[in-house]
Amino acid sequence: MRHLPKVLVVEDEPAIAELIAVNLRHNGFAPVWAEDGPSAQRELDAVLPDVILLDWMLPGQSGLQLARRWRADARTRAIPILMLTARGDEPDKVAGLDAGADDYITKPFSTQELLARIRAVLRRRAPEQAAEAVELGGLLLDAAAHRVAYQGTELRLGPTEFKLLRYFMKHPERVHSRAQLLDKVWGDHVFIEERTVDVHVKRLREALGPASTMVETVRGAGYRFSAPAGGAAPAA
């Protein structure tokens, strides 16, 4: 039997939640509804979903608080989070991404846009075709185990930061524009804005800690990954 991707919909408005659930079921997903943080946590404790649709404004804990909590928990930190919000302002979008969301969608939204964004975050989470390890400058990325370590210390990266780092490490010493990174890391996700790349690079640097200097900003051009001299060459 084919696995239907499970989508946890955390939304306190029943009419919106039901509309989302109906559209998801009709398009090959298995939606589960939670109306607030505690009920969402119970669902997560029972079975981990493939993706979380998380409303920004919830009773009790906000979507931002929940995203931060789930990103800090080793069990849930790799689950893609898509933030649902009525807030369209740029600072609010960035706040959602900073809290740990992989993407955001502003209400009202079309069914096709919602499905495209869900499929995009699921593609980013999918196992890499080539699951080899890459090591550069003391930084080791093991795609098969989905782990990153620097000088023997394991680092905690979200799913998008993991894919971004993997691309950087596979293509070091090259300048990558934001548009190129969107194409190579996010794929054909036409809704993503270039500003989103900056937010994920910022999160990647924070996760890398002392290794963050390897991700260089090339003013007016984009980003470059440069390992210290003597680092191992990437796999072909």
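The values are calculated or read from the model by the stated rules, or taken from the named source; none is laboratory data. This structure is a prediction, so every number in the text was calculated from the model and none was measured. Quick reminder, even Gly has a Cβ in these numbers, built from the backbone with ideal geometry, and neighbours come from all protein chains shown.
What the table shows:
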read-out	value
Region 1-28: number of residues that are more than 15 Å from L84 (Cβ to Cβ) and either of a type outside the set (S, T, N, Q) or part of a helix (DSSP H, G or I) (or both)	10
All positions within region 151-191 that are under 15 Å from S226 (Cα atoms) and surrounded by 18 or more Cβ atoms within 10 Å (Cβ to Cβ)	L164, L165, R166, F168, M169, K170, H176
Long-range neighbours under 6 Å by Cβ, at least six apart or interchain, first residue among the charged types (D, E, K, R) within region 19-35, second surrounded by 13 or more Cβ atoms within 10 Å (Cβ to Cβ)	E35/D12
Those helices (runs of 4 or more DSSP H) lying entirely in region 108-203 with at least 2 residues modelled with pLDDT of 85 or more and within 16 Å of I79 (Cα to Cα)	111-125, 159-170
